1. Is there any pair with a first residue in the range 326-354 that is open to solvent by 10 Å² or more (accessible area, probe 1.4 Å) and assigned to a helix (DSSP H, G or I) and a second that is more than 10 Å from the ligand (Cβ to nearest atom) and of a type in the set (Lys, Arg) whose Cβ atoms are under 9 Å apart and which are 6 or more apart or on different chains, and what are they?
2. Among the residues in the range 356-373, are any within 13 Å of the chain's Cα centre (by Cα) and within 16 Å of the ligand (Cβ to nearest atom)?
3. Any residue at all in the range 397-405 that's part of a loop (DSSP other than H, G, I, E, B) and open to solvent by less than 20 Å² (accessible area, probe 1.4 Å)?
4. Thr502: hydroxyl-bearing (Ser, Thr, Tyr) and assigned to a loop (DSSP other than H, G, I, E, B), yes or no?
5. So Ala659 ticks every box in (1) open to solvent by less than 10 Å² (accessible area, probe 1.4 Å); (2) under 18 Å from Leu319 (Cβ atoms); (3) more than 16 Å from the ligand (Cβ to nearest atom); (4) not charged (D, E, K, R) but one. Which box is left unticked?
6. With respect to Arg605, is the statement that it is part of a loop (DSSP other than H, G, I, E, B), open to solvent by 10 Å² or more (accessible area, probe 1.4 Å) and basic (Lys, Arg) true?
7. Kindly establish whether Asp312 is touching a Leu at 6+ places or on another chain (Cβ under 6 Å), open to solvent by 20 Å² or more (accessible area, probe 1.4 Å) and either more than 16 Å from the ligand (Cβ to nearest atom) or without any contact (Cβ under 8 Å) to a residue 24 or more places away in the chain (or both).
8. What do you reckon, is Glu190 of a type outside the set (Val, Ile, Thr) and touching a residue at least 24 places away in the same chain (Cβ under 8 Å)?
Amino acid sequence: MRYGYFDKKEREYVITRPDTPTPWINYIGMGKYGGIVSNTGGGYSFDRDPQNRRITRYRYNNIPMDRPGRYIYIRDAADGEYWNPGWQPVQGKLDSYCCRHGLGYTVLQGENKGVASEVTYFVPDDKNFEIWLVKLKNLTGAPRRLQVFSYAEFCFWDAIKDQQNIDWCQQINQCKYEDKIIVYYPHEFEQSMEGAFVASGEEVASYDASLEAFIGKYRSESNPIAVELGACSNSTSYRMNGVGAFCVNVELQQNEEREMVFILGSAQDRSKIREEIREYLRPEFARESLRRLKEYWSSYLDKLYVETPDEDMNLFVNLWNQYQCKVTFNWSRFVSLYQTGLGRGMGFRDSAQDIMGVMHSIPDEAKGLITNILKCQYTDGRAYHLYFPLTGSGGEGDAPIKKFDWYSDDHLWIIMSVDDYIKETGDFDFLDMEVPYNDKQTVGTVWEHMCRAIEFTGANLGPNKLALAGRADWNDTLNLDMGNGVAESVFTSMLYCNVLNTMIELCSYLGRDEDSIKYTHMFSDMKEAINSSCWDGEWYKRAFDDMGMPLGSETCEYGKIYINSQSWAVLGKVATEEYAKKCLEAVEKYLNSEYGIATVYPAYRQFDKSKGGITTYPPGTKENGGIFLHTNPWVMIANIMIGNGDRAFKYYKQILPAARNDAAELLEVEPYVYPQNILGREHPQFGTGRNSWLSGTAAWNMLASSRYILGIRQGYDCLTVDPCIPSEWEGFKAKRVFRGAVYNIEVKNPDRVSKGVRKLVVDGSETDKIPVFGKGTTHSVTVIMG
Ligand code: IFM
């Protein structure tokens, strides 16, 4: 079944019925103030940090689901009937309903009793507040008297305390009205002047600042007493719970249309709210700021545009995948409907990867985030697992601590993001920039941070000379450390090889010959260690547990073959040509399915403490044999590295959400973004997706599609176009902005090959390299494959 469609012209996903299988959400904001908005108005807001500066409340895992949210109630004063433009929470009958999720904004449109209503939610100009732009139109031939109510349920700014220490929070909460603004703040808190607020741009007929007064006893958001009675009670909340509820009276003549603005936000200084929002309360100004927001996104997307024979791919590469990359760049794995914004901050390894998904669009912001995460690195090279953007503090994650308190891979990923930034910008000076470590107040250059990351892994090897597993590697749930200190991760060893290759490439380019030689030795040693202890006959083993027993081997009853040690054997340039072909063939044979490639096969059946968290999941779920989508683009890239473009594209297409838009009932999650995981073949609900939006899947699919399938890659002193496409393609066109110059690329594939460039023509002359041109110039690139 279909719940909506892609509106390519408006760059929106349009949801045509409210009862989607799960709430289908969008994000507003640019990474500071913002929030989540579902297709029925559910969701919540926060300012810079959803744990430490929560603005509105959300009841996770609640029945009824997806409540509360940013609600507008419309009441017909003539007969008292009331409804919401987005259907929830009243769930009244609507003559028409539609939700339009756009880039950084969401529009809910509902029609009832001859009144068309529309609410647009967005954060203007990266401010610390959001606009609710409400439009009403009387479609009937007679005048109408309506009442519009706003609803935002405030949350104590520390969202964990809001749940844990209810008595304290409820005793100190204050919520008061003054001249069209309702402000919510704790009675006294570190003498802070911070607060949350809701403001109305219209004359206020009545208001409620007390949630209890607005809702009424034993009622809910679906039937608030104030809305039922047609007036709020002008309440103040001296304790308990706060709400931003206004009642505005509206009279509409026949066919008359009216716009009004409500603003929900966060204030550093409560005394300045009025001044900060004044302009934005005017509908014309609000609309103008929405236009600016759309302009921002056009410029964000403008750096890469492709026209391939595959429409779904075009839709994702040009729009939705790029959009999701920005959301993961903003919020890592911190805040979604599944990551609650409580406890788990931004992921170190996650951000390091997310950065690459936006590199071509916003390299300066990418540099900012790289710098921030480098500050999470310890002097010895390892890194925090998690960090909190508001406080800068770090955390360690959930995996059990036995002998080691570090994850074996976190620190290595940062090498990739730094290298990516340098290739995109040519800003080699960044390597000399000093960034503090998170301990001992020491400072190191970016280059030193990278070297220490390598050295940490090099200094922590196990009995097979492979990287020690630590608490876990990329697979957070593979917890092999039992206290003996000998468990080893083959994946981390391969990742180490991958980033050693990056270091070698960078050293050679920079003429750092000594370093280059050192890293070449380290790479050869590790490659040798992996090939001598981890080749299993048909594929690579995945790890050795703390008793020295292999995981991912034919000899294992469960967990015989794992995905990551096959893809990374190729990505790390560890596998010989023969082994690369064999192990990728094994992935196709044992792990692939029509909905994607599973992490492991056969999945574990019961808990096994020597393996840890992975065995807590039922077979076919998440890391235990589920299709953990983040890993799939790695297999695509590996296939491309061995020239198998047809297979890579098959893997790309089988997980492309747009391609499942007509079967959304099984997928359950949003068809416009990648979910983190899909239940695998060994699960009874095979094919169902979960945990949408925040996943490394976004960045890596962006890379797999644009840089590997289409082959458009940035280099230290050039751009490369080296496609590996389905052999049936005639070619494709692309536009790429690189270091300020526009490259209009045309790839022709007359011989219907997958890979290979026969001729390269730049600005009419045949050449073997696409140079870096000056800012503001435009160039043509023709690539003839063959
Ligand atoms: O790699 C991790 C990621 O950091 C957080 N989510 C789960 C992934 C796989 O375990």
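1. Note: pairs meeting the criteria are Asn330/Lys32.
2. Quick first cut of the range 356-373, residues within 13 Å of the chain's Cα centre (by Cα) only: 356-358.
Next cut, within 16 Å of the ligand (Cβ to nearest atom) only: 356-357.
Within the range 356-373 (the criterion being within 13 Å of the chain's Cα centre (by Cα) and within 16 Å of the ligand (Cβ to nearest atom)), the answer is yes, since at least one residue qualifies.
3. To start, the set of residues in the range 397-405 that are part of a loop (DSSP other than H, G, I, E, B) comprises 397-405.
Checking which are open to solvent by less than 20 Å² (accessible area, probe 1.4 Å) leaves us with 399.
Yes, the conditions are met somewhere in the range 397-405.
4. No: the conditions fail for Thr502.
5. So the condition that Ala659 fails would be (1).
6. Numbers: part of a loop (DSSP other than H, G, I, E, B): yes; open to solvent by 10 Å² or more (accessible area, probe 1.4 Å): yes; basic (Lys, Arg): yes.
In short, yes.
7. Working: touching a Leu at 6+ places or on another chain (Cβ under 6 Å): yes; open to solvent by 20 Å² or more (accessible area, probe 1.4 Å): yes; either more than 16 Å from the ligand (Cβ to nearest atom) or without any contact (Cβ under 8 Å) to a residue 24 or more places away in the chain (or both): yes.
Spelling it out, Asp312 is indeed touching a Leu at 6+ places or on another chain (Cβ under 6 Å), open to solvent by 20 Å² or more (accessible area, probe 1.4 Å) and either more than 16 Å from the ligand (Cβ to nearest atom) or without any contact (Cβ under 8 Å) to a residue 24 or more places away in the chain (or both).
8. On the way: of a type outside the set (Val, Ile, Thr): yes; touching a residue at least 24 places away in the same chain (Cβ under 8 Å): no.
Criteria not met by Glu190.
The values are calculated or read from the model by the stated rules, or taken from the named source; none is laboratory data. All figures in this text were calculated on a predicted structure; none of them were measured in a lab. For neighbour counting, all protein chains shown are included, and Cβ atoms are generated from backbone atoms with ideal geometry for every residue, glycine included. Surface accessibility is based on the protein's heavy atoms, side chains included, excluding ligands, DNA and RNA. Shrake-Rupley method; radii C 1.70, N 1.55, O 1.52, S 1.80 Å.
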